[in-house]
1. Tell me which of these residue 29 doesn't satisfy, since it passes every other one: (1) surrounded by 14 or more Cβ atoms within 10 Å (Cβ to Cβ); (2) under 30 Å from residue 115 (Cα atoms); (3) not hydroxyl-bearing (Ser, Thr, Tyr).
2. Under 6 Å by Cβ, and 6 or more places apart or on different chains, what pairs join a residue from the range 96-115 that is more than 15 Å from residue 35 (Cβ to Cβ) with one that is assigned to a strand (DSSP E or B) and among the hydrophobic types (A, V, I, L, M, F, W, C)?
3. Is at least one residue of the range 42-60 within 10 Å of the chain's Cα centre (by Cα), open to solvent by 40 Å² or more (accessible area, probe 1.4 Å) and over 24 Å from residue 2 (Cβ atoms)?
4. Among the residues of the range 85-101, write down those that are of a type in the set (S, T, N, Q) and touching a Phe, Trp or Tyr at 6+ places or on another chain (Cβ under 9 Å).
5. Mind checking which residues of the range 42-61 are part of a loop (DSSP other than H, G, I, E, B) and touching a Lys or Arg at 6+ places or on another chain (Cβ under 9 Å)?
6. Please work out if residue 68 is at pLDDT 95 or above, outside any helix (DSSP H, G or I) and open to solvent by 40 Å² or more (accessible area, probe 1.4 Å).
7. Consider residue 98 carefully, then state whether it is at pLDDT below 95 and in a strand (DSSP E or B).
8. Go through the residues of the range 28-36 one by one and say whether even a single one is in a loop (DSSP other than H, G, I, E, B), modelled with pLDDT of 95 or more, within 16 Å of the chain's Cα centre (by Cα) and over 14 Å from residue 81 (Cβ atoms).
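The values are calculated or read from the model by the stated rules, or taken from the named source; none is laboratory data. Fair warning: this is a prediction, and the values are worked out from it, not measured in the lab. When we count neighbours, we look across all protein chains shown, and the Cβ atoms used for this are built from the backbone with ideal geometry, even at glycine. Keep in mind that these areas ignore ligands, DNA and RNA; they rest on the heavy atoms of the full protein, side chains included. Shrake-Rupley method; radii C 1.70, N 1.55, O 1.52, S 1.80 Å.
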Amino acid sequence: QVQLVESGGGLVQAGGSLRLSCAASGSILSIKPMAWYRQAPGKQRELVAVITSAGSTNYPDSVKGRFAISRDNAKNTVYLQMNSLKPEDTAVYYCNAWTYQGSVWGQGTLVTVSS
């Protein structure tokens, strides 16, 4: 069973930056999209970035222009560069990818943005 392991979360002041990484323990399907989601306390999990196999990206308006997703298929890794962070970005961030067994999720990494 392939596992995804996120890293890079932490505490940052508003206006700061963080770079999240998500590494797979085995092969993922490079033809499928990879994505980052987040879940704030008391809220539903929401999509924050998605990248296709061809490298096309999409973001919700709430993070557009501040977040950037990228992937390295050779390393089975997806990244999320987060700039100009706001307190409302505080959440647990999860990565998502596809393997031959189906959709897989990481355990999450906490990002806390202080005002």
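1. (2)
2. 110/92; 112/11; 113/12
3. No: the range 42-60 contains no residue that is within 10 Å of the chain's Cα centre (by Cα), open to solvent by 40 Å² or more (accessible area, probe 1.4 Å) and over 24 Å from residue 2 (Cβ atoms).
4. Step one: list which residues in the range 85-101 are of a type in the set (S, T, N, Q), which gives 90, 96, 99, 101.
Matches in the range 85-101: 96 only.
5. Quick first cut of the range 42-61, residues part of a loop (DSSP other than H, G, I, E, B) only: 42-45, 52-56, 59-61.
Within the range 42-61, 45, 52, 53, 55, 59 meet the criteria.
6. In short, yes.
7. Working: at pLDDT below 95: yes; in a strand (DSSP E or B): yes.
It is true that residue 98 is at pLDDT below 95 and in a strand (DSSP E or B).
8. Quick first cut of the range 28-36, residues in a loop (DSSP other than H, G, I, E, B) only: 28-33.
Those left that are additionally modelled with pLDDT of 95 or more: 33.
Now drop any that are not within 16 Å of the chain's Cα centre (by Cα), which leaves 33.
Filter once more, so that each one left must be over 14 Å from residue 81 (Cβ atoms): 33.
Within the range 28-36, one or more residues are in a loop (DSSP other than H, G, I, E, B), modelled with pLDDT of 95 or more, within 16 Å of the chain's Cα centre (by Cα) and over 14 Å from residue 81 (Cβ atoms).
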